[in-house]
Amino acid sequence: FEFDNAIVRAPASSVVDGLRAVDRGAPTLAGVRAEHEAYVAALEAAGVSVQRLPALDAFADSIFVEDPALVFPEGAIVLRPGAASRFGEAAAIAPVLRSRFATVLELPGPGFADGGDVLVTPCAVMIGLSDRTDRIGADALVARLAELGRTGVVVTTPPGVLHFKSDCALLDEATMLATRRLAQSGVFEGYRVLLTPDGEEGAANALRVNDRVFLGDGFPRTRALLEAEGYRVVPLATSEIARIDAGLSCMSLRW
Ligand code: CIR
């Protein structure tokens, strides 16, 4: 969770058509832009140098730059997003990664993996199987991670949850924030787990960045819980991006 660099992508005007499991109304472009701007400003305030990529109108969900790639200080991996409408985002991000990293690996087909299903912890890289990340993709990713000297561990994501990280975030070396449904699956054995209060499951897609934790601003009980545990919380608006099933990890690639 210590990051010097990040890549973000400006929201496309097509973001109003972003994928969503349940339609609670489209977000507004102005609303998404405002949430994205505040997020980028919060990254910079946390000491992160941010590269801003131009909007890609052909890809409604391309603001969620975390999904088509994985980055580490030692190199990057171009992924194969599991949603058909997002598959081309990988080819769009690849040249950017090649300009930033000496080592850029590619996930071989035919499997799929989304970055939203990948949680980097100090001891392992957890890969959650989901509707977007299949077993073939996850196993191929474990092999690519090994080439970067990282250990991948394949785990499951509860049914109905878009991405593994929709339901969890690393808070520090030893602590996870997670929903009860994910924690109950036993994937965080050995970690201290702080559970999101009932009704605040969306808070789990939080993001630790250097000395602070970015948290959706609609989750007062989670905020109180984290502050009582001594975390410095930065509340950020997420109500517009939540309409297209996104949270705070999705909008950047960080290393
Ligand atoms: C999608 O369904 O792909 C987008 N509407 C939301 C992606 C959120 N990304 C993430 O959780 N890493």
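The values are calculated or read from the model by the stated rules, or taken from the named source; none is laboratory data. On a predicted model such as this, the values are computed, not experimentally measured, just so you know. All Cβ positions, glycine included, derive from the backbone under ideal geometry; neighbour counts span all protein chains shown.
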Checklist entry - Looking at GLY88, is it farther than 23 Å from LEU53 by Cβ, without any contact (Cβ under 8 Å) to a residue 40 or more places away in the chain and out of contact with any Gly (no Cβ under 8 Å at 6 or more places or on another chain)? => result no
Item to check | Matching entry among ALA143, ALA138 (being within 16 Å of the ligand (Cβ to nearest atom) and over 15 Å from the mean Cα position of the chain (by Cα)) | outcome: ALA138
Checklist entry - Applying the selection to the range 32-57, what residues are of a type in the set (Gly, Ala, Ser) and either under 13 Å from ARG9 (Cα atoms) or buried (at least 18 other Cβ atoms within 10 Å of the Cβ) (or both)? => result ALA42, ALA46, ALA55
Checklist entry - Looking at the range 4-30, which of its residues are over 17 Å from SER62 (Cβ atoms) and within 16 Å of the ligand (Cβ to nearest atom)? => result ALA21, VAL22, ASP23, ARG24, GLY25, THR28
Checklist outcome for this item: Checked ARG254, ARG223 against criteria (farther than 22 Å from ARG180 by Cα, at pLDDT 95 or above and charged (D, E, K, R)); the one match is ARG254
Next on the checklist: Let me spell it out: the conditions are (1) within 12 Å of the ligand (Cβ to nearest atom); (2) of a type outside the set (Phe, Trp, Tyr); (3) part of a loop (DSSP other than H, G, I, E, B), and PRO108 meets all of them except one. Which number is the exception?
Outcome noted: (1)
Item to check | Meets criteria (of a type in the set (Phe, Trp, Tyr), closer than 23 Å to GLU240 by Cα and assigned to a loop (DSSP other than H, G, I, E, B)) for PHE3 | outcome: no
Checklist outcome for this item: Within the range 212-224, of all residues that are free of Cβ contacts under 8 Å to residues at least 24 places away in the same chain and touching a strand residue (DSSP E or B) at 6+ places or on another chain (Cβ under 7 Å), the one surrounded by the most Cβ atoms within 10 Å (Cβ to Cβ) is ARG223
Checklist entry - Restricting the search to the range 73-110, which residues are in contact with a Phe, Trp or Tyr (Cβ under 6 Å, 6 or more places away or on another chain) and farther than 24 Å from ARG20 by Cβ? => result PRO73, GLY75, ALA76
Item to check | Search result, residues across the range 188-211 that are assigned to a loop (DSSP other than H, G, I, E, B) and surrounded by fewer than 22 Cβ atoms within 10 Å (Cβ to Cβ) | outcome: PHE188, GLU189, GLY190, TYR191, PRO197, ASP198, GLY199, GLU200, ASN210, ASP211
